[in-house]
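One structure is given here, and the rest of the page talks about it.
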Amino acid sequence: MNRFSLTLFFVYSTTILPAAEPVNLNNLPNDLQVPAMIKGKPQAGKRVWQQNPGYETTEIAHALYLPTNWMPGRKYPVIVEYPGNGGYTNVLQDRSDGRVQDCKLGYGLSGGKGMIWVSLPFVEPKTGKHAIKWWGDPDATADYCKQTVARICKEFGGDPQNVILTGFSRGAIACNYIGLRDDEIASLWKAMLPHSHYDGVRKWNYSDSNVASAYKRLARLGKRPQFITHEKSTRATEEYLKKSNSKGEFTFLAIPYPNHSDEWVLKDLPERTQARQWLSDVLKQ
């Protein structure tokens, strides 16, 4: 883990050894299981579907998880999460279906305790559905996020001073692309944890996917912290941010597996321990 630190490697031998096979993250055991989605009234330790007012005639909904120690009348930090794109598989058997219920980071980071966890949709008003790929309507998606965070804080004891944004792949890009879309939504977040990809680092096939637009969004982050993770290396994002003149507090952690996956938070790994420690430290500030 580093904060723009430079590590030097020294070679002491010219002996060439056979390259070791990279460890497949999917072959490591899980110590956490994400709770199944159910329909019903929100309650401690359950993950339920919930629709916001105005969306009753659509299929657009979010997933709400109240921690095992949740009690009415108390305040809890909130971790908000966006899913990756759907339709993704690779030779390592990584898979992303792009659905709201597929989110994992919030549960793995909290362990299901002490934090409210909300998984949000990408809103497509024309179809009345969650967009499996990319953004749907980005502004409508941002509006749904604002409405949901306000509701969670009002109805379930979410602490508006301790709201964290996270996401995997598309969801990682969404931390800035949606989460910093305007001043109002940007003001919601205490910190962010994007895993695997970052807004502006590479060009994608959608509107305002370019460095100039991404830097405008990034400016709304101000001095707030981000814990940036990526499989194998974070170098591309580090170099991008060095050129940005951003005042954000960036911490980088390379996940030492080749998998394009958010499964690492469901396993007892030192990287998860570091991410949880960062989160704990941020919430104490």
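The values are calculated or read from the model by the stated rules, or taken from the named source; none is laboratory data. Source: prediction; values computed, not measured. Note that we place each Cβ from the backbone using ideal geometry, even for glycine, and neighbour counts take in every protein chain shown. Side chains are part of the model used for accessible areas, which takes the heavy atoms of the whole protein and leaves out ligands, DNA and RNA. Shrake-Rupley method; radii C 1.70, N 1.55, O 1.52, S 1.80 Å.
Under 5 Å between amide hydrogens, built in the peptide plane, is the criterion, and for Tyr88 it picks out Ser96 among residues at least 5 positions away or on other chains. Over the stretch 35-284, what percent of the accessible surface lies on carbon and sulfur atoms, probe 1.4 Å? Answer for the stretch 35-284 is 49 percent, counting heavy atoms of protein chains only. Model label sites at Lys223 and Leu92, defined 7 Å from Cα along the beta-carbon direction, differ in position by 3.7 nm.
Using a Förster radius of 41 Å, what is the FRET efficiency between Asn245 and Glu59 based on their Cβ-Cβ separation? Nearest 0.05, please.
Numbers: r = 42 Å, r/R0 = 1.02.
The formula returns an efficiency of 0.45 here.
Taking the highest mean first, how do the peptides 28-34, 217-223, 159-165 order by number of other beta carbon atoms within 10 angstrom per residue?
Details: 28-34: 13.4, 217-223: 17.1, 159-165: 20.0.
Output ranking for 28-34, 217-223, 159-165: 159-165, 217-223, 28-34.
Taking only protein heavy atoms and a 1.4 Å probe, what accessible area per residue, in Å², does the stretch 35-284 have with all protein chains in place? Walk me through the intermediate numbers first.
Working: 10580 Å² over 250 residues.
Computed with neighbouring chains in place, this is 42 Å² per residue.
Taking Cα centre as origin and charging only the Cβ of basic (Lys, Arg, +1) and acidic (Asp, Glu, -1) residues, the dipole magnitude of the chain rounds to 520 debye.
Full extension of the segment from Asp268 to Lys216, taken as 0.36 nm per residue of separation minus the current Cα-Cα distance, would add 15.0 nm. Distance between the pseudo-spin-label points of Gln51 and Asn69 (7 Å out from Cα toward the beta carbon): 3.5 nm. In terms of its C-alpha gyration tensor, the chain has a prolate overall shape, because the principal axis ratio a/c (a ≥ b ≥ c, square roots of the eigenvalues) is not below 1.5 and a/b outweighs b/c.
In this simple spin-label approximation, Thr127 and Gln147 carry label points 7 Å from Cα along the Cα→Cβ vector, and these lie 1.9 nm apart. Pairs of Lys residues in the stretch 62-219, spaced 8 or more positions apart or belonging to different chains, with C-alpha separations under 25 angstrom: 25 in total. One chain, two ends: Gln277 and Ala44. Fully extended at 0.36 nm per residue, the span grows by 81.5 nm beyond their Cα-Cα distance. Amide H to amide H, with H built 1.01 Å from N, Arg47 comes under 5 Å of Ile38, counting only residues 5 or more places away or on other chains.
Secondary structure note: in the stretch 35-284, about 30% of the DSSP beta bridges are antiparallel.
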